[in-house]
Amino acid sequence: MSTVISFGEFQGTTGVLAEQELRAALAICAGLSTKEIARAVGCSPCTIKKSIERIFYKFGVKSRSAIPPELFCRGIAHHITVIFCAAMTGHTAITDHQAIRVRHPTERKSEVRSVTHKTGGYPIA
């Protein structure tokens with residue numbers, strides 16, 4: 001059974017990672033330090049450090065900067081903004097609503113100017 005967890009602008013599903021590990025991984029994607037993650041999650045920095053070590057072992061990586069690409073490549077995490085934009089794009093593509101349509105004017109308005117000579121009053125064209 002997989003659970004959906006959100007952290008900041010990121011969303012992920014459990015399965016490969018446990019809930020605590022996924023929260024730590026999503027926080028790393030958001031750019032937080034170990035102490036900041038601990039404050040946000042409400043636990044000790046040592047607990048977060050152990051969670052990150054377990055993530056390293058499960059993904060076979062050796063640095064924090066390698067965690068976000070692994071999450072996205074494996075399909076574990078998604079950026080919520082990207083999902084929202086994709087949903088809105090798909091919605092406008094499948095609907096035919098009058099308010100969404102792009103309307104172009106039927107006629108182009110053009111301006112005609114004529115210049116007259118000051119002395120004679122005759123148009124110069």
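The values are calculated or read from the model by the stated rules, or taken from the named source; none is laboratory data. None of the values given here were measured: they were computed from a predicted structure. All Cβ positions, even for glycine, are placed from backbone atoms using ideal geometry, and neighbour counts span all protein chains on display.
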task = Go through region 28-52 and give me each residue that's on the phi > 0 side of the Ramachandran plot and among the polar types (S, T, N, Q).
result = none
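Looking at 44, 51, 114, 63 in this structure, which one is at pLDDT 85 or above, loosely packed, with under 10 Cβ neighbours inside 10 Å and polar (S, T, N, Q)?
It is 63.
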key: Pair list, Cβ < 9 Å and 6+ apart or interchain, from region 37-58 residues that are over 12 Å from residue 22 (Cβ atoms) to residues that are among the basic types (Lys, Arg) and in a loop (DSSP other than H, G, I, E, B)   = 56/62
inquiry  = For a quick check of your reading: which helices (runs of 4 or more DSSP H) sit entirely within region 1-76 and have at least 2 residues that are of a type in the set (Asp, Glu)?
reply    = 19-29
